[in-house]
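The structure under discussion appears below in the form of C-alpha cells.
The values are calculated or read from the model by the stated rules, or taken from the named source; none is laboratory data. Since we're looking at a predicted model, the values are computed, not measured. Here the Cβ positions follow ideal geometry from the backbone for every residue, glycine too, while neighbour counts run over all protein chains shown. These area figures cover heavy atoms from the full protein model, side chains too; ligands, DNA and RNA do not enter into them. Shrake-Rupley method; radii C 1.70, N 1.55, O 1.52, S 1.80 Å.
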Amino acid sequence: MVRLDRITMQGFKSFANRVTIPFPDGFNCVCGPNGSGKSNIIDGLLFVLGTTSARTIRAGKLQNLLFNGAKDKKASEFCEVSIYLDNSEGKIPGEKEIKVTRRVTRSGISVYKLNGRTVTRAKILDTLSYANLSSEGYNIIMQGDVTRIIEMSSKERKEVIDDISGINEFDEKKDKATRELEKVELRVRENMIVVAEKQKLVARLKQEKENAEKYRKIETELRKSKASLLKKKIKDIKEKQTVHEKELVGSTKQFDDLGKELSKVDSELEKKEKGVLRKGDELIKKSRNVNILRSIDKINNDILRKRDKIDFNEREIERLKGESDSAVVKHVLNMGQKGVYGTVSSLISVPKEYEISIDVALGKHKNDIVVDTDDTAAVCIKHLKSRKLGRTRFIPLNKIQTRPRKKYSGKVIGYAIDLVKFDKKYEDAMKYVLGSTLVVEHIDVARKIKDFRVATLDGDLVETSGAMIGGFYKKSKGSFGGDSSKFEHENEKLKAEIEQYEDQLEKLREEEKEESEEVKKIQSARSQEETDLVELRKRRKQLYEERLVLQSSAGRTKVEKAKLEASLENYTTEFEEYNDVQSYFDQTQEELQERVRRCMIEINQIGPVNLKAIDEFETTNIEFEELKKKLDKLLEEKEAIFNVVKDVETRRFEKFMETFNEINANFSKTYHDMSNGGEGKLVLEEEGNIDSGLIIQASPSGKKIVNLDAMSGGEKTLASLSFLFSVMQHYSAPFYVLDEIDAALDKANTRKISNLIKKYSKNIQFIVITHNDLTISEADKVFGVSIEGGISKVFGIEMPKG
C-alpha cells in the first residue's frame with residue numbers, strides 16, 4: 001500500500017526555510033499555537049497534489065503562497081513543496097519512491113515535476129490517481145468540513161455519495177444519451193410528419209393513378225368505338241352514294257325521255273295551232289257575216305294568247321317558288337296542314353334598298369317555316385320522316401325563346417327587325433331570327449361595333465363572336481318570294497280579260513244565224529282541233545310538271561349526294577385521327593353510338609384526371625418507402641438509445657447503491673464505535689430513488705433514532721464526523737489528514753474521536769492537525785510548530801511513555 005513518507009517545503013507561506021517533515025505509520029499529530037503555521041502544512045499538501053484554486057489553500061492568488069518576507073528574512077522568489085510516497089508495493093507504476101514537486105515563481109509560473117522531471121499537471125494527476133490521491137479527495141478533512149456537512153441539505157449530502165461512487169460519469173453518459181435521444185426523437189417527429197404527409201400524397205396519387213388507368217382504359221375503348229362508328233358511317237355513306245348514283249342515272253334517263261316527249265308535244269301543239277288558224281281563215285272567207293267571224297276569230301286568238309301567257313306565268317311562279325323554297329319546304333307548305341304560316345322570307349316585306357342586308361342577316365333562317373305551335377311542327381317532322389323526304393327547320397311561336405334587344409347608342413342605319421314589315425303575330429319569330437342585328441352602311445363601320453351582329457348594305461356580315469363573312473355578293477333569284485306576286489297578279493288580270501272575251505264570243509255567236517254546210521264542217525273540224533289543242537296543252541303542262549318534279553327530285557338527290565360527299569370527306573379526315581386503332585367493333589351505328597355515349601358518361605363520372613399520376617405514384621411511392629425505412633431506422637436508433645439510457649440508469653443505480661450500502665455500513669460501524677454503542681444509518685428521502693436527498697439518522701446509546709437536524713450540537717458533530725470517516729474508509733486513500741476537527745468538541749467527545757483515530761491508525765496513516773491535549777496524548781508521533789520572527793519551524797516532540 002502507498003504511504004506518505006515525508007513532505008518538504010521551502011518558501012511556502014510561513015515556511016521560509018527548507019523544512020522536511022517525516023510521517024511514520026500510525027497516528028501522526030501536528031500541534032502548535034494558533035497562527036504558528038501548522039495548517040500551512042495541509043495547504044502545502046493540497047498545493048503539491050495539484051489544486052488549481054488558490055482560495056482552497058487560503059490565498060487570493062498563487063503568488064500569495066510565496067513567503068512574503070520578515071524582519072530578518074527577505075521575501076522568497078519562489079515556493080516549492082515536495083512529497084515523497086513510499087511505493088514499495090508498486091501500486092503506482094514507476095520507482096519504489098515517488099517524488100512529486102510543485103514550484104510557483106513570483107511571476108505566477110507553476111511547474112510540476114515527477115521524480116525530478118518536469119511534467120504536466122495532467123501527468124501528476126494521472127500518476128496520483130493510481131494511489132487514489134487528489135487535491136479534492138475525501139481523505140483530507142479541512143476546518144469547517146464538519147460544519148458544512150451539518151449545514152448541507154439532504155440533496156447536497158447525497159451528491160457526496162454521487163461523487164464518491166463515480167456516477168457522475170454515468171450522469172454524463174445519461175445526459176449525452178438523453179440529448180441524443182432528444183435529437184433522435186425530434187428527427188423521428190419530423191420524419192413522422194414527413195411520412196404522414198407523404199402517405200397522404202401516396203394515397204391521393206394512388207387514387208389518381210387508378211382513375212388515370214381507368215380513364216386510359218375507357219379512353220381506349222372510346223377511341224375504338226369512335227373509330228368503329230366512323231368506319232361504319234363511311235361504309236354506309238359509300239353505299240348511299242352508290243344508290244344515289246343509280247337514282248341519278250335513272251332520273252337523267254327519265255328526264256331526257258320526258259324532254260323528247262315534250263318536244264314532240266310542242267311540235268304537235270304548234271301544228272294544231274296553225275291548223276286552227278288556217279281553218280279560221282277558211283271560215284272567214286266562206287262566212288256570210290265576215291265581220292262577225294273576224295271578230296270571233298280575233299277574240300279566240302286573243303283568248304289563246306292570254307291562256308298561253310297564263311301557262312307561261314304559272315310555270316314561272318312554279319320556278320320561282322322552287323328556287324325560293326327547297327323541295328322539302330315546298331312539300332310542307334303544300335301539305336295543307338293547319339297552323340303552317342310560311343317561310344320567314346315569305347312573311348316579311350323588305351324595302352328594296354335593304355334587300356341585300358336583310359338577306360344576309362336572315363342567312364340560314366330564310367327558309368325556316370313559321371308554325372303556330374310545337375305540336376304542328378312535330379306533325380310536319382313526323383310526316384317528312386315517314387316519307388323520307390328530308391329535313392327543315394321550324395319556328396313554333398308558342399315555344400320560341402327570344403332575348404331582350406341589346407341597346408346600341410352609336411350611329412347605325414337601324415336594327416334589322418325595324419327595317420322590315422310583318423304581321424304582329426310573327427313578331428317572336430322575327431325577334432328570334434333578327435334579334436339585335438344592326439344594319440350599317442359598310443364593313444368599316446361594322447368593324448368598330450363590338451358584341452353585336454352587324455349586316456352591311458352591300459352584303460357583309462360581322463358575327464357577335466368577331467367572325468367576319470363578306471366579299472362579292474351575288475343576289476339570288478327568288479329572294480323574299482322573288483317576283484311571283486307580279487305573275488300571280490298578271491294571271492288574275494288575264495283571267496278576268498278572258499271572261500270578258502268569252503262573254504263577247506257568246507254574244508257574237510248568237511248574232512251568227514245562218515251558216516253554210518261547208519262552214520259548219522270547217523267549224524266542226526276547227527272545234528275538234530281546238531279540243532285537241534286543249535288536250536295537248538294539258539299534256540304539255542303535265543309533262544312539264546313531271547319534268548319539273550323529276551328535276552327537283554334529281555336536285556335533291558344531287559344535294560344529298562353533295563352532302564354525303566362532304567360528310568364522307570369530313571368522316572375520312574376525322575378517321576385519320578384514329579390510325580392507331582388496330583381493331584374495330586362489329587356493331588350497328590346505334591350500338592356504337594350507345595357505346596360512345598356510355599364511355600363519355602363514365603369519363604365524365606371520373607372527373608378531372610391527372611395522367612401524370614401513374615408515373616408520379618411510382619416515384620412518390622418509392623420515396624415513401626425510403627422515408628418509411630429511414631423512419632424505421634430512426635425508431636430502431638431511438639429504441640437503441642433508449643435502451644442505452646435505461647442501461648446507464650440501471651448501472652448508475654447499481655453503482656450508487658453499491659457505494660451507498662458500503663458507506664452506510666461504514667457509517668453504522670463508525671458511529672457505533674464513536675458513540676460507544678450508538679446506532680446510525682443513512683437513508684434516502686425516497687426509498688429506491690437515488691435522485692432524492694440523503695438523510696443521516698443516529699441514536700446515541702440509549703436514545704431514540706433522530707435525523708441529524710434534530711440532534712444537539714455535539715451529537716451533530718459526532719454524526720457528521722462519523723459520516724466523513726465512513727466516506728474516508730470507502731475512499732481508500734493511502735493516508736488521511738484531519739485539520740482541527742476536534743476544535744468544537746468537549747473533552748468527552750474529543751476522547752471518543754481520538755480513541756477512534758487511534759483504533760483506525762493501526763491500519764491507516766493519519767495526520768491530524770490539533771492543539772487539543774487529549775488528541776495529542778493519543779498520537780504515536782507528535783510534531784510541534786512554532787513561529788519566530790514570522791518564520792515557522794517544525795520540531796519533534798517526545799511524548800512521555802504511558
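Using only the alpha-carbon atoms, how far is helix 290-324 inclined from the longest principal axis of the chain? Give it as 0 to 90 degrees, nearest 10.
Once rounded, one gets 10 degrees.
How far is helix 517-575 tilted, in degrees, relative to the longest principal axis of the Cα atoms in the chain, given as a value from 0 to 90 rounded to the nearest 10?
10
Filter the cross-link list LYS338/LYS406; LYS388/LYS561; LYS385/LYS424; LYS495/LYS521 down to pairs whose alpha-carbon distance in this structure exceeds 25 Å.
Cα-Cα > 25 Å for LYS338/LYS406; LYS385/LYS424; LYS495/LYS521; rest within.
From the phi angles alone, apply the Karplus equation (6.51, -1.76, 1.60; θ = phi - 60°) to the stretch 22-35 and give each ³J(HN,Hα) in whole Hz, x where the residue is Gly or Pro.
3J(HN,Hα) across the stretch 22-35, in whole Hz: x, 10, x, 5, x, 9, 9, 10, 10, 10, x, x, 4, x.
Percent of Cα-Cα pairs more than 26 Å apart in the stretch 29-178, please.
In whole percent, the long-distance tail amounts to 40.
Bin all alpha-carbon pair distances of the stretch 347-450 at 10 Å intervals from 0 and give each bin's fraction as a whole percent.
13, 40, 29, 14, 4, 0
Ratio of the stretch 517-656's C-alpha Rg to 2.2 N^0.38 Å, to two decimals?
The value comes to 3.25.
Give the accessible area for VAL559 in Å² (nearest 10); use a 1.4 Å probe, count only protein heavy atoms, and leave out ligands, DNA and RNA.
80
Give the shape of the stretch 540-589 as rounded, prolate or oblate, defined through the alpha-carbon gyration tensor: a ≥ b ≥ c are the square roots of its eigenvalues, a/c under 1.5 means rounded, and otherwise the shape is prolate if a/b is larger than b/c and oblate if not.
The shape class here is prolate.
Between GLU95 and LYS612, what is 0.36 nm times their sequence separation minus the Cα-Cα distance? Round to one decimal in nm.
178.0 nm
Counting only protein heavy atoms, what percent of the accessible surface of the stretch 337-398 is carbon or sulfur at a 1.4 Å probe?
Carbon and sulfur together cover 49 percent of it.
Over the stretch 194-306, what lengths in whole Å, largest first, do the semi-axes of the equivalent ellipsoid take, defined as the square roots of 5 times the eigenvalues of the alpha-carbon gyration tensor?
Sorted largest first and rounded, they come to 90, 19, 5 Å.
Would you mind getting the accessible area per residue of the chain, heavy atoms of the protein chains only, 1.4 Å probe, in Å²?
56
Quick check on the stretch 681-802: what are the equivalent-ellipsoid semi-axes from the Cα gyration tensor, as sqrt(5λ), descending, whole Å?
For the stretch 681-802, the ellipsoid semi-axes come out as 33, 17, 14 Å.
Ignoring everything except DSSP H segments at least 4 long, calculate the 222 nm mean residue ellipticity for the chain; use -39,500 (n - 2.57) per segment, divide by total residues, nearest 500.
Counting only the DSSP helices, I get -19500 deg cm²/dmol.
Just check the stretch 123-171 against the gyration tensor rule for me: Cα atoms, a ≥ b ≥ c as the square roots of the eigenvalues, rounded for a/c under 1.5, and otherwise prolate or oblate depending on whether a/b exceeds b/c.
Because a/c hits 1.5 or more and a/b fails to exceed b/c, the stretch 123-171 counts as oblate.
Express the relative contact order of the chain as a whole percentage, based on alpha carbon pairs under 8 Å and six or more residues apart in sequence.
So the answer I get is 25 percent.
Return the long-range amide H neighbours of LEU66 (sequence gap of 5 or more, or a different chain), with a cut-off of under 5 Å between placed amide H atoms.
For LEU66, the qualifying residues are LYS13.
Sort the stretch 106-146 into rounded, prolate or oblate with this rule: let a ≥ b ≥ c be the square roots of the eigenvalues of the Cα gyration tensor; rounded if a/c is under 1.5, and if a/c is not under 1.5, prolate when a/b is larger than b/c, oblate otherwise.
Judged from the Cα gyration tensor, the stretch 106-146 comes out oblate (a/c at least 1.5, b/c at or above a/b).
Between ASP5 and residues 5 or more places away or on another chain, which pairs have amide H atoms under 5 Å apart, with H built 1.01 Å from N, and which residues are they?
TYR84, LEU85, ASP86
Loop by DSSP (not H, G, I, E, B), at most 16 other beta-carbon atoms within 10 Å: where is the longest site-free stretch of the chain for chymotrypsin sites (Phe, Trp or Tyr not before Pro)?
Result for the longest clean stretch: 131-407.
Given the protein chains as shown and a 1.4 Å probe, how many square angstrom of ASP256 are accessible, to the nearest 10?
80
Between the stretch 526-553 and the stretch 402-479, what is the separation of their alpha carbon centroids in Å?
45
Greater than 29 Å separation of Cα atoms is the criterion. Which listed pairs, LYS13/LYS758; LYS366/LYS399; LYS206/LYS232; LYS330/LYS425; LYS382/LYS421, meet it?
The pairs that break the limit, which is 29 Å between Cα atoms, are LYS13/LYS758; LYS206/LYS232; LYS382/LYS421.
Using only the alpha-carbon atoms of the stretch 622-665 as identical scatterers, what base-10 log of I(q)/I(0) does the Debye formula give at q = 0.29 Å⁻¹?
Log-scaled intensity ratios, in q order: -0.88.
How many percent of the accessible area of the stretch 529-684 is carbon or sulfur, using a 1.4 Å probe?
50
Which whole number in µm²/s is D for the stretch 1-55 by Stokes-Einstein, with the Kirkwood Rh taken over Cα pairs at 25 °C and 0.890 mPa s?
197
Given a cut-off of under 8 Å on Cα pairs at least six residues apart, what relative contact order in percent is computed for the stretch 308-467?
It rounds to 22 percent for the stretch 308-467.
Please list, by residue number, every one of the trypsin sites (Lys or Arg not before Pro) in the stretch 71-172 that is coil in DSSP and has at most 11 other beta-carbon atoms within 10 Å.
Answer by residue number: LYS71, LYS74, LYS96.
Using the Cβ atoms and a cut-off under 13 Å, what net charge is assigned to the surroundings of SER76, where Lys and Arg are +1 and Asp and Glu are -1?
+4
What is the diffusion coefficient of the stretch 594-650 in µm²/s, taking the Kirkwood radius over Cα pairs and the Stokes-Einstein relation at 20 °C with a viscosity of 1.002 mPa s?
The calculation lands on 137 µm²/s.
Sort out for me the Cα centre separation of the stretch 632-698 from the stretch 707-746, rounded to whole Å.
Between the Cα centres of the stretch 632-698 and the stretch 707-746 lies a distance of 21 Å.
If eta is 0.890 mPa s and T is 25 °C, what Stokes-Einstein diffusion coefficient results for the chain, Kirkwood Rh from Cα pairs, in µm²/s?
The estimated diffusion coefficient comes to 58 µm²/s.
Could you tally the net charge around LYS630, taking each other residue with its Cβ under 12 Å from the Cβ of LYS630, Lys/Arg +1 and Asp/Glu -1?
-2
Apply the Karplus parameterisation 6.51 cos²θ - 1.76 cosθ + 1.60, with θ equal to phi minus 60°, to every residue of the stretch 650-665 and state each ³J(HN,Hα) to the nearest whole Hz, in sequence, with x for glycine and proline.
Taking θ as phi minus 60°, the curve returns 5, 5, 4, 5, 5, 5, 4, 5, 4, 5, 4, 5, 5, 5, 4, 5 Hz for the stretch 650-665.
Counting only protein heavy atoms and using a 1.4 Å probe, what share of the accessible area of the stretch 1-134 belongs to carbon plus sulfur, as a whole percent?
That fraction is 48 percent.
Take the stretch 385-496, drop everything but the C-alpha atoms, weight them equally and run the Debye formula without solvent; then report log10 I(q)/I(0) at 0.10, 0.15 Å⁻¹ to two decimals.
Taking Cα atoms of the stretch 385-496 as identical point scatterers yields -0.45, -0.88.
On a straight-distance basis, which aspartates and glutamates could pair with LYS669 in a cross-link, Cα separation under 15 angstrom, same-chain partners fewer than 8 positions away excluded?
Here the aspartates and glutamates satisfying the reach criterion relative to LYS669 are GLU679.
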